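Only one structure is covered here, and it is reproduced in the block below.
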Amino acid sequence: QVQLVESGGGLVQAGGSLRLSCAASGRTFSLYPLAWFRQAPGKEREFLGVSWSGITTHADSVKGRFTISRTNAENTVLLQMDSLKPEDTAVYYCASNEGGYRGSDYGAYDYWGQGTQVTVTS
């Protein structure tokens, strides 16, 4: 059974940094995409980026501030967030899917973690 577990969220001041981690289990994820999304209150779930087969892409909205990477074990994906802003406040999720989809449509992802809250204060 596939499981995704996020950790690392918390409270941080604007301009600070946080690193989120998503531990994936239930299969070997080296060939499957692991993506990050976030959802702020009253807003749609927003794609942040995805990692698969040694390739990583980032959404334009966070490019230059957020960095996605995988550990050597491949079953963990990290989200390094720098220069945080109050508008980055959201619940952050990692996700994966069966079909190898690597895009931004959250409806195409089959598996989701429980989310971790990130709150950025001004």
Practice problem: Within the stretch 97-122, work out how many residues are within 14 Å of residue 6 (Cβ to Cβ), in contact with a strand residue (DSSP E or B) (Cβ under 6 Å, 6 or more places away or on another chain) and not hydroxyl-bearing (Ser, Thr, Tyr). | Solution: 5
Quiz prompt | Pick from the stretch 64-75, criterion over 26 Å from residue 16 (Cα atoms) and touching a residue at least 24 places away in the same chain (Cβ under 8 Å), ranking: most open to solvent (accessible area, probe 1.4 Å) | solution = 74
Quiz prompt | the stretch 7-23, subset under 16 Å from residue 75 (Cα atoms) and aliphatic (A, V, I, L, M), residue surrounded by the most Cβ atoms within 10 Å (Cβ to Cβ) | solution = 20
Exercise. Any residue in the stretch 97-122 that's open to solvent by 20 Å² or more (accessible area, probe 1.4 Å): show its pairings with residues that are part of a helix (DSSP H, G or I) and small (Gly, Ala, Ser) at Cβ separation under 6 Å, as long as the two are six or more apart or on different chains.
Key: 101/108
Quiz item: Would you pick out the residues in the stretch 24-60 that are open to solvent by 40 Å² or more (accessible area, probe 1.4 Å) and of a type in the set (Val, Ile, Thr)?
Solution: 28, 55, 56, 57
Quiz prompt | Flag if residue 85 is without any contact (Cβ under 8 Å) to a residue 60 or more places away in the chain and out of contact with any Pro (no Cβ under 9 Å at 6 or more places or on another chain) | solution = no
Exercise. Report, by residue number, each residue of the stretch 76-88 that is of a type outside the set (Asp, Glu) and surrounded by fewer than 18 Cβ atoms within 10 Å (Cβ to Cβ).
Key: 80, 83, 85, 86
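The values are calculated or read from the model by the stated rules, or taken from the named source; none is laboratory data. Note that the structure is a prediction, hence the values are computed from the model and not measured. Methodologically, a virtual Cβ is constructed for each residue, glycine included, from the backbone with ideal geometry; neighbour enumeration extends over all protein chains shown. For the accessible areas, the whole protein counts, side chains as well, though only heavy atoms, and no ligand, DNA or RNA atoms are used. Shrake-Rupley method; radii C 1.70, N 1.55, O 1.52, S 1.80 Å.
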